[in-house]
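The values are calculated or read from the model by the stated rules, or taken from the named source; none is laboratory data. All values reported here derive from a predicted model rather than from experimental measurement. Reconstructed Cβ throughout: ideal geometry from the backbone, glycine too, with neighbour counts over all protein chains shown.
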Amino acid sequence: MGTLSYDSSYKAEFDDRVLAHLQIVIGAKLRRGESFHFSWRNEQVTGQGRTTIWLHPTVPLIYSYLGSRTPTINRLWIEALMTSANSVAGLQIVPEPSESTPLATDDEALPAPVSLPGAKAAKTSA
C-alpha cells in the first residue's frame, strides 16, 4: 500500500498501482493550474464512509510507494480517471478497464490491484 499525503496533515493509503494512476491524473490537472475534488470510499476499518479532499496547485502532495517497482500504466484507466476528474463530482476511483497493450514501463508489472474502490485514511498530527 502506498500513501498519499495531503497538506502534511492527512494521509490516505492506496494500492501502489492505484496510486501510480492517481499521480498521473492529479499531476496533469495541477500542472494546468486546475483545482478539483477527489473522493474515495473508505475501507471498513475506517468506518465505511467516504472521504473528499479539495486538490489545489498550492497544497503540497506526497506520493509514497511501498514497492520499488513502477506499475505498468493502463492508458484506458488514465483516460477514465481523467474523465472522472473533469466531471462536476470530481476525481473518483473507477474500476480499471482491461487493455491489451498498456503504456511502456521499465519495470515488471505488479499484481492486479485489490478490489476498488478502497482506501485507508488517517488524520496525522501536525
(request) Report yes if some residue within segment 14-35 is touching a residue at least 24 places away in the same chain (Cβ under 8 Å) and hydroxyl-bearing (S, T, Y); otherwise report no. (result) no
(request) Go through (1) modelled with pLDDT of 95 or more; (2) surrounded by 18 or more Cβ atoms within 10 Å (Cβ to Cβ) and name the single condition M82 misses. (result) (2)
(request) Consider P71 carefully, then state whether it is in contact (Cβ under 8 Å) with a residue 12 or more places away in the chain and more than 13 Å from L19 (Cβ to Cβ). (result) no
(request) Return the residue satisfying two criteria in turn: it lies in segment 5-47 and is within 21 Å of Y65 (Cα to Cα) and of a type in the set (F, W, Y), and of such residues it is surrounded by the fewest Cβ atoms within 10 Å (Cβ to Cβ). (result) Y10
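To keep it simple, each residue is scored yes or no on (1) closer than 18 Å to S84 by Cβ; (2) in a helix (DSSP H, G or I); (3) among the hydrophobic types (A, V, I, L, M, F, W, C); (4) in contact with a helix residue (DSSP H, G or I) (Cβ under 8 Å, 6 or more places away or on another chain).
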{"position": "I24", "(1), (2), (3), (4)": "yes, yes, yes, yes"}
{"position": "E34", "(1), (2), (3), (4)": "yes, no, no, no"}
{"position": "H37", "(1), (2), (3), (4)": "yes, no, no, no"}
{"position": "W40", "(1), (2), (3), (4)": "yes, no, yes, no"}
{"position": "Q48", "(1), (2), (3), (4)": "no, no, no, no"}
{"position": "W54", "(1), (2), (3), (4)": "yes, no, yes, no"}
{"position": "V59", "(1), (2), (3), (4)": "no, no, yes, no"}
(message) Going by what's in this entry, would P60 be described as out of contact with any His (no Cβ under 7 Å at 6 or more places or on another chain), within 26 Å of S8 (Cβ to Cβ) and at pLDDT below 95?
(response) yes
(request) Sort out which residues of segment 85-100 are surrounded by 12 or more Cβ atoms within 10 Å (Cβ to Cβ) and either in contact with a Pro (Cβ under 8 Å, 6 or more places away or on another chain) or β-branched (V, I, T) (or both), and write them in order of number. (result) Q92, I93, V94, E96
(message) Being part of a helix (DSSP H, G or I) and acidic (D, E) is the filter here; which residues of segment 1-22 pass it?
(response) D16
